[in-house]
Structure formats: structure tokens, C-alpha cells
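J.: This is the structure, below, for whatever I ask next.
The values are calculated or read from the model by the stated rules, or taken from the named source; none is laboratory data. Every value quoted in this text rests on a predicted model; they were computed, and no experiment measured them. Here the Cβ positions follow ideal geometry from the backbone for every residue, glycine too, while neighbour counts run over all protein chains shown. What goes into the accessible areas is simple: the full protein's heavy atoms, side chains included, and nothing from ligands, DNA or RNA. Shrake-Rupley method; radii C 1.70, N 1.55, O 1.52, S 1.80 Å.
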Amino acid sequence: DVKVTQSSRYLVKRTGEKVFLECVQDMDHENMFWYRQDPGLGLRLIYFSYDVKMKEKGDIPEGYSVSREKKERFSLILESASTNQTSMYLCASSPGTETTNEKLFFGSGTQLSVL
Amino acid sequence: AQKVTQAQTEISVVEKEDVTLDCVYETRDTTYYLFWYKQPPSGELVFLIRRNSFDEQNEISGRYSWNFQKSTSSFNFTITASQVVDSAVYFCALSDPGNQFYFGTGTSLTVIP
């Protein structure tokens, strides 16, 4: 069964800490995405990647960076966590660009609280 | 610009009632895809359906059915004879030719036993 795994379901960090959210997929997908989900705002795209070592900014990249050193792993980094980054973070993947508009496969999410 | 609107923030129904979740989209593209996802309390978004812009045929899958109408830019989702397990947040989304996804704000459905 295909799977997108996020390393933590719940995470509590302090303001100013550097935070790493990890995501791994086992489907050999080329595309990977990071979203944040907030009540009343739906899912908003932070960053995405269509290939190893490639990254593109989404709609709300400020305060975040990403890393994709291997095809299966896409990391979201909060360089200096702030309270307004308290949110649910969802990782997703989809097949390569040769197959267009395929569905996204999602992880279970990481609920991050920044105190 | 692409936009997906789910005007219903929260819906409550009694078990066995039918319920329709509305989705209205905006796009200038002629080719696009529409999706519905279910997010149960566990958190993971589960894919329900994908429909391309050239296929307006309605679809039924068990108790679920989808009504796609390009004339009104709507892609509504109906659950027949709702069950408690249907309680979840449901998201409608549009995918454009650039493979970008645009999600609605979600509809939280509660089915009361």
C-alpha cells in the first residue's frame, strides 16, 4: 500500500527554535508538497518540489525553507519558529510531470504548537 | 486566478439523512481537474474522486455521488443515507494545467447517531 509518512503527529516547540518536519514517500513519486492547514483557511501551499534538489515557493513561503536531497524525502524547515506558525502541516506527493494532474497522496499531518 | 469556494463551513445531519456538500470553482482554463478529499479525525486526507473538465458525466460510488455542472461551475458531492463514519472534513480542490492544486476551505460534516 502506498504511503506518505510524516515523522511526528504532534510537536511542541518554543519560539525561536529551529524546527524540522520530515516527510518520506515510498511510491517513487517525483512531486512533493508541503501545505499548512488552518481553520477557515483550508490548505495553503508552502513549498513544492518536482525533482531532487529542486524547490519552488508556494503561496506562503515566508518563514520556511525546504530540502530535498533524496527523491523520497522532503523536509520542511522553520528557521526560527514563531507562534503564528502553530498549525497542522500536511505533506503530499504525486507522480511525475509525465502524468498530469494526478491525485495527491497525503500524510497524516503534523500538528505543530509553538509556545 | 483559480478559486474554489465551499460556502458551507459546518453541516450536521441525523444518521440516514442525505446530505449535499457544495463546491463552486473559478478558472479561466479550459482544461482542469476537480477533486474531493475526505479528512477524518485521524488527519490524513483521503482521495474520493477526480474528474476532468471534459467529463461532465455524474458519478455514483456506493452511497456517494457527484454532480459536475460546467454551466454553473459546480462540483457538488452527495452522501445518501449518511452514517456516523461519514463525519469528517471534506475538501473540494481544483488542479490546473500547471499541476497546481487549489483547495476550498472545507466543510465539516457531523452525522449524529
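J.: Relative contact order (percent) for segment B:27-98, with alpha-carbon contacts under 8 angstrom and 6 or more residues of separation?
T.: On the way: 112 pairs, mean separation 28.3, N = 72.
Answer for segment B:27-98 is 39 percent.
J.: With every protein chain kept in place and ligands, DNA and RNA left out, what is the accessible area per residue of chain A? Probe 1.4 Å, answer in Å². Spell out each step's value before the answer.
T.: Details: 5550 Å² over 115 residues.
With the other protein chains kept in place, chain A gives 48 Å² per residue.
J.: Additional query: Which far-off residues, 5 or more places away or on another chain, put their amide H under 5 Å from the one on A:Tyr47, with H placed in the peptide plane?
T.: Amide H neighbours of A:Tyr47: A:Trp34, A:Gly58.
J.: Further question on the same structure: Under a 1.4 angstrom probe, counting protein chains only, how are A:Asp26, B:Asp22 ranked by accessible area, largest first? Present the calculation step by step, with values, prior to reporting the outcome.
T.: Numbers: A:Asp26 100, B:Asp22 60 Å².
Largest to smallest exposure gives the sequence A:Asp26, B:Asp22.
J.: Here's a follow-up. Note down the accessible area of B:Thr72, probe 1.4 Å, to the nearest 10 Å².
T.: The accessible area comes out at roughly 80 Å².
J.: Please give the per residue accessible area of segment B:46-113, computed with a probe of 1.4 Å over protein heavy atoms only, in Å².
T.: 43 Å²
J.: Accessible area lost on pairing B with A, both sides, 1.4 Å probe, Å² to nearest 100? Walk me through the numbers on the way to the answer.
T.: Details: alone 6320 and 6450 Å², together 11010 Å².
That pair of chains buries around 1800 Å² in total.
J.: Loop-only trypsin sites (Lys or Arg not before Pro) in segment A:1-103, please: DSSP not H, G, I, E or B, and at most 13 other Cβ atoms within 10 Å.
T.: Answer by residue number: A:Lys3, A:Arg9, A:Arg14, A:Lys18, A:Lys53.
J.: Mind checking B:37-44 for the average number of partner chain beta-carbons within 10 Å of each residue's beta-carbon?
T.: Going residue by residue through B:37-44 and averaging, the value is 4.
J.: Next up: Measuring from centroid to centroid over Cα atoms, what is the spacing of segment A:35-108 and segment A:9-23 in Å?
T.: Their Cα centres are 15 Å away from one another.
J.: Roughly how much of B:Glu15 is accessible, in Å² to the nearest 10, using a 1.4 Å probe?
T.: For B:Glu15, the solvent-accessible surface is approximately 70 Å².
J.: Check which residues have an amide H placed less than 5 Å from B:Thr110's amide H, if you skip close sequence neighbours.
T.: B:Ile11, B:Ser12, B:Val13
J.: Round to a whole number: what % of the accessible area of the protein assembly as shown belongs to carbon and sulfur, probe 1.4 Å?
T.: 48 percent
J.: Continuing with the same structure: Name the residues of segment B:86-113 whose accessible area, probed at 1.4 Å, falls by at least 50 Å² once all protein chains are in place instead of their chain on its own?
T.: B:Asn99, B:Gln100, B:Phe101, B:Phe103, B:Thr105
J.: Here is a further query. Can you list the residues of segment A:75-115 that have at least 40 square angstrom less accessible area with all protein chains present than in their chain by itself, probe 1.4 Å?
T.: A:Asn101, A:Lys103, A:Leu104, A:Phe106, A:Ser108
J.: What ³J(HN,Hα) values, in whole Hz, does the Karplus curve 6.51 cos²θ - 1.76 cosθ + 1.60 give for segment B:101-113 when θ = phi - 60°, with x put for Gly and Pro?
T.: Residue by residue, segment B:101-113 yields 9, 10, 9, x, 7, x, 10, 8, 9, 10, 9, 8, x Hz.
J.: Please list 3J(HN,Hα) in residue order for segment B:46-56, calculated via the Karplus relation 6.51 cos²θ - 1.76 cosθ + 1.60 where θ = phi - 60°; whole Hz, with x for glycine and proline.
T.: With coefficients 6.51, -1.76 and 1.60, one gets 10, 5, 10, 7, 10, 9, 8, 5, 9, 10, 8 Hz.
J.: Please sort by residue number the trypsin sites (Lys or Arg not before Pro) in segment B:6-41 whose DSSP state is loop and whose Cβ has at most 14 other Cβ atoms within 10 Å. Don't jump to the answer; show the numbers that get you there.
T.: On the way: sites: B:Lys16, B:Arg28, B:Lys38; in loops: B:Lys16, B:Arg28.
Listed in order of number, the matching sites are B:Lys16, B:Arg28.
J.: Hey, another quick one. Search the structure for amide H atoms under 5 Å from the amide H of B:Leu21, placed 1.01 Å from N in the peptide plane, and list their residues when 5 or more places away or on another chain.
T.: Hits under the 5 Å cutoff: B:Phe77, B:Thr78, B:Ile79.
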